[in-house]
Amino acid sequence: MRIGIFCTNNFTYPLPEGVIYANQSVAGALADALAERGEDVTLFAPEGSITKAKLINFGMKPYSDSTVHSKYSDSYFYEHIMVAKIFRYALKNKLDIIHAHLRPFSVIPAAAVSGVKTLLTIHDNLYYPAYESLSLSYEFKNIQYVALSEAHRRTRTDAPWAGVVHNGIDLEKWRYNQGRGECPECSGCSGYLCFVGRLMPDKGVDVAVRVALQTGLPLKIAGSIYNEDKEFYETKVKPNLSEQIEYLGSIGPKEVEKLYRGALALLMPISWEEPFGLVMIEAMACGTPVIAFNRGSVPEIVVDGKIGFIVKNEKLMVSAVKKIGTINRSKCREWVEEKFSVERMAENYLGLYSKLLKH
């Protein structure tokens, strides 16, 4: 089986420090895991990427490179050009399947015209208005979709789903810390809560701030602020920043891992139907319990009362923080090892590839 995997050419794989982009992390980790299994896999990623698979970059630098960004004003078009090159390459080199991890609308035109078997893992929430027209693509029988959770798939039951595959992570990159909120690499930072993710209303960072204030515990926040969310940040988050509530900015994987390992718990007070939530399994791999609102994929990832707490509202989240010491951190790590390793994800995707190629 000859497999091609792609996410974006905006960033290299691995991601540069200071960049958090789950789609690219998952796509790159999957390519590495498949290559380690001996599969014939090609990762399409920009110059500077490092992978255990065969790397094809078409001589394109990441869009985040200042020389590229200054020359081309549209990152989407730059990405679409690479998609076109990928499907032309797939036809010429007789790849069996292309597995894409970016927006379907960037992939569907080239995939439909080429006829190449294409698997699209959708990482977005399907409630977004842009997905209202997704059904127009269902007539292209060479294209099928993958959901990140059963909750994710249920949001659009009419889609040609190949199946559901939970995200997986490379456990060597997320080290376990058995201490209870005590950072193993420095002193003076014990006993804090953390929030990791985009600073936007749906992710609930403002709720995390209020929970920290009510419990009296420090909160460390890491994540990006998009232009459309600046007003939300300025009014709901920034006024609360202090010695207790700290915003670390958009930090890279190494710093995020350190953040998880030193935290009492990861707070995830989401107000949307989260398709997956990679931060939950990253935190648990480090031994850090998750306290999350009962939305989207959360019940598929967190076992309530055993490796964290699933709650209905802010008041109950505060109560859960106060009993976080009852959670055995080693159980968090064991759960991720059993259910959410990159090896398990690779095995599940291989099953879907075989299924798709038979039709």
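Using the alpha-carbon atoms, what tilt in degrees (0 to 90, nearest 10) does helix 329-339 show relative to the longest principal axis of the chain? Helix 329-339 and the main axis of the chain meet at about 20 degrees. Between rounded, prolate and oblate, where does the stretch 171-339 land on the alpha carbon gyration tensor, with a ≥ b ≥ c its root eigenvalues, rounded for a/c under 1.5, else prolate if a/b exceeds b/c? Judged from the Cα gyration tensor, the stretch 171-339 comes out rounded (a/c under 1.5). Rounded to the nearest 500, the 222 nm mean residue ellipticity of the chain from helices alone is -10000 deg cm²/dmol, with -39,500 (n - 2.57) taken per DSSP H run of at least 4 residues.
The Rg/Rh ratio of the stretch 244-359, with Rg taken over Cα atoms and Rh as the Kirkwood radius over Cα pairs, comes to 1.03.
State whether the stretch 315-357 is rounded, prolate or oblate according to the following rule on the C-alpha gyration tensor (a ≥ b ≥ c being the square roots of its eigenvalues): a/c under 1.5 gives rounded; otherwise a/b larger than b/c gives prolate, and the remaining case gives oblate. Cα axes put the stretch 315-357 in the oblate bin. Summarising the strand pairing of the chain, around 0 percent of its internal DSSP beta bridges are antiparallel.
Would you compute the Debye intensity of the stretch 204-246 from its alpha-carbon atoms alone, equal scatterers and no solvent, and pass along log10 I(q)/I(0) at q = 0.17, 0.21, 0.30 Å⁻¹ to two decimals? Taking Cα atoms of the stretch 204-246 as identical point scatterers yields -0.43, -0.64, -1.16. Calculated translational diffusion coefficient of the chain (20 °C, 1.002 mPa s; Stokes-Einstein with Kirkwood radius over alpha-carbon pairs) equals 102 µm²/s.
Among 261-269, 63-71, the peptide with the highest mean count of other Cβ atoms within 10 Å heads the list, and the full ranking is 261-269, 63-71. Quick one: grab the alpha carbon gyration tensor of the stretch 1-118, order the square roots of its eigenvalues as a ≥ b ≥ c, and give me rounded if a/c is under 1.5, else prolate or oblate depending on whether a/b is larger than b/c. Judged from the Cα gyration tensor, the stretch 1-118 comes out oblate (a/c at least 1.5, b/c at or above a/b). For the stretch 273-359, the set of trypsin sites (Lys or Arg not before Pro) satisfying both a DSSP loop assignment and a count of at most 13 other C-beta atoms within 10 Å is given as 312, 323, 358.
When you filter the GluC sites (Glu not before Pro) in the stretch 15-64 for DSSP loop state and at most 12 other Cβ atoms inside 10 Å of their Cβ, you are left with 17.
Of 248, 280, 290, which is farthest along the charge dipole of the stretch 171-339 in the positive direction, counting Lys and Arg as +1 and Asp and Glu as -1 at C-beta? Of the candidates, 290 comes out farthest on the positive side.
No value in this document is a laboratory result; all are computed from the given coordinates. Small disclaimer: the values here were computed from a predicted structure and weren't measured. Please note: Cβ atoms are built from the backbone with ideal geometry, for glycine as well, and neighbour counts cover all protein chains shown.
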